[in-house]
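Working notes, beginning with the structure itself.
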Amino acid sequence: MSGQYRVAVVGATGAVGTEMRRLLRDRAYPAAEIVPFASERSAGKELDDGLVVQGLADDDRLDGFDVAIFSAGGSISREWAPRFAARGAIVVDNSSAFRMDPDVPLVVSEVNPEALNNINKGIVANPNCTTMAIMPPLHALHVEFGLTAMVATSFQAAGGAGQKGMDELIAQVPGLLADPYALQTRGADAAAKVGETPVFGKPLAFNVVPLLGTDTGNGYTDEEMKLQNESRKILGIPELAVSPTCVRVPVMVGHAVEVRAQFEREPSVARALEVMGAHAGVELDDVPTPLEWAGKDPVAVGRVRQDLSDPYALNLFIVGDNLLKGAALNTVQIAELLHERGLLGTRAAA
């Protein structure tokens with residue numbers, strides 16, 4: 001490994017952390033050393049790339065890092081991200097811990113890289129995976145037509161809950177397939193056979209669950225409020241009107257979002273396709289599906305239609321791999337931007 005930076009990967013053994021390590025290798029990030037961190041119970045474990053896991057135990061292990069990329073959950077980030085930053089690293093955090101902090105940039109690499117000019121706390125936040133998917137195409141439309149409002153309905157994969165979510169979905173399938181007639185005629189009986197559903201609260205296999213996240217007290221979940229609050233911050237539209245609904249669907253990887261977007265200036269489908277297709281990180285696909293876009297870096301946009309009742313609105317369907325662009329890829333892309341802009345190294349040296 002050749003390069004100039006020491007890179008910490010915190011949460012290195014999880015589904016997103018594993019993708020982060022792969023992307024650092026595959027994209028030839030200029031790292032002199034990559035050090036994986038995880039819980040103390042994983043300390044000493046050798047990973048498939050030959051790296052040995054360090055436990056998060058004390059600050060003595062935090063010195064000398066230029067950048068630390070996190071995917072270990074909000075509580076770990078709240079405790080350890082400031083500690084890495086205090087020792088000189090710039091932290092790129094994939095949790096929700098710092099996203100709405102006004103002193104922490106919330107960045108989608110192709111949308112608002114200029115936000116990296118103000119890293120006041122040494123921390124950069126990665127958006128929620130659902131918000132992330134819709135930002136590049138909506139940014140293209142906002143620049144062209146002036147976005148004012150959106151109704152966003154998500155169809156989110158089991159993998160959005162990590163490996164445990166995918167495991168729970170797969171575990172439910174054999175028992176339900178054993179009695180397919182019950183799926184048609186005795187749905188409640190079939191659901192009862194699934195057993196415990198600690199991740200999703202309801203059976204997900206052959207089903208959809210229209211409750212995703214924790215109720216925030218207004219009837220909307222925290223996942224739904226992220227769609228509103230993060231979109232406003234990333235796009236710089238503090239008054240953006242958002243009506244969100246988040247639904248879990250029996251897909252392994254890949255979130256999809258149906259968006260009805262309203263604009264200041266009357267849009268045309270032809271121009272919308274043109275500007276979205278030209279935007280970095282976006283590809284056009286007449287009928288994008290999560291299965292076909294799993295494992296691909298860009299987000300896909302299709303089903304672009306003029307609204308039937310409002311000439312100032314468009315309907316569109318967006319799909320993105322929640323483990324890649326929705327999490328690991330954007331994190332690594334931010335680290336790449338920090339390198340390209342000469343922002344790394346100075347904090348560690350100081």
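The values are calculated or read from the model by the stated rules, or taken from the named source; none is laboratory data. Since the model is a prediction, treat every value here as computed from it, not as a measurement. Because the Cβ atoms are built from the backbone with ideal geometry, glycine has one as well, and the counts that use them run over all protein chains shown.
Going by what's in this entry, would Lys202 be described as more than 27 Å from Leu323 (Cα to Cα) and among the charged types (D, E, K, R)?
So Lys202 fails the test.
Quick check on Asn94: is it touching a residue at least 24 places away in the same chain (Cβ under 8 Å) and either among the polar types (S, T, N, Q) or farther than 25 Å from Gly14 by Cα (or both)?
yes
I need a count of the residues in region 85-118 that are within 18 Å of the chain's Cα centre (by Cα) and either part of a loop (DSSP other than H, G, I, E, B) or modelled with pLDDT under 95 (or both).
So the count comes out to 16.
Gln333: surrounded by 14 or more Cβ atoms within 10 Å (Cβ to Cβ), in contact (Cβ under 8 Å) with a residue 40 or more places away in the chain, outside the structural domain of Glu110 (by TED's automatic domain parsing) and not hydrophobic (A, V, I, L, M, F, W, C), yes or no?
It is false that Gln333 is surrounded by 14 or more Cβ atoms within 10 Å (Cβ to Cβ), in contact (Cβ under 8 Å) with a residue 40 or more places away in the chain, outside the structural domain of Glu110 (by TED's automatic domain parsing) and not hydrophobic (A, V, I, L, M, F, W, C).
Got a number for residues in region 141-167 being crowded, with 24+ Cβ neighbours inside 10 Å and either of a type in the set (Asp, Glu) or in a helix (DSSP H, G or I) (or both)?
Final tally of qualifying residues: 4.
Enumerate the pairs (first residue in region 8-28 and within 11 Å of Leu47 (Cβ to Cβ); second residue anywhere and in a helix (DSSP H, G or I) and polar (S, T, N, Q)) with beta-carbon separation below 9 Å, excluding pairs fewer than 6 apart on the same chain, so at least 6 apart or on different chains.
Ala12/Thr18; Ala12/Ser42; Thr13/Ser42
Being free of Cβ contacts under 8 Å to residues at least 60 places away in the same chain and crowded, with 19+ Cβ neighbours inside 10 Å: is that true of Ala205 here?
yes
Spot the failing condition for Gly195; the list is (1) closer than 20 Å to Val143 by Cα; (2) of a type in the set (Gly, Ala, Ser); (3) more than 23 Å from the chain's Cα centre (by Cα), and only one is missed.
Single failed check for Gly195: (1).
Which numbered condition trips up Pro238, out of (1) surrounded by fewer than 16 Cβ atoms within 10 Å (Cβ to Cβ); (2) of a type outside the set (A, V, I, L, M); (3) farther than 30 Å from Pro113 by Cβ; (4) free of Cβ contacts under 8 Å to residues at least 40 places away in the same chain?
Of (1) surrounded by fewer than 16 Cβ atoms within 10 Å (Cβ to Cβ); (2) of a type outside the set (A, V, I, L, M); (3) farther than 30 Å from Pro113 by Cβ; (4) free of Cβ contacts under 8 Å to residues at least 40 places away in the same chain, only one is false for Pro238: (3).
Please enumerate the residues belonging to region 1-55 that are closer than 22 Å to Ile123 by Cβ, among the acidic types (Asp, Glu) and part of a strand (DSSP E or B).
Across region 1-55, the qualifying residue is only Glu33.
Filter region 245-279 down to the residues that are assigned to a loop (DSSP other than H, G, I, E, B) and out of contact with any helix residue (DSSP H, G or I) (no Cβ under 7 Å at 6 or more places or on another chain), then identify the one that is farthest from Ala15 (Cα to Cα).
Restricting to residues being assigned to a loop (DSSP other than H, G, I, E, B) and out of contact with any helix residue (DSSP H, G or I) (no Cβ under 7 Å at 6 or more places or on another chain), the top hit is Glu266.
Could you give every pair whose Cβ atoms fall below 7 Å, whose first residue belongs to region 105-123 and is at negative phi, and whose second residue is surrounded by fewer than 17 Cβ atoms within 10 Å (Cβ to Cβ) and part of a loop (DSSP other than H, G, I, E, B), counting only separations of at least 6 or pairs across chains?
Pro105/Asn118; Glu110/Ala280; Leu116/Arg341; Asn120/Asp103; Lys121/Asp103
For the subset of region 53-75 comprising residues that are of a type in the set (A, V, I, L, M, F, W, C) and modelled with pLDDT of 95 or more, which member is surrounded by the fewest Cβ atoms within 10 Å (Cβ to Cβ)?
Phe65
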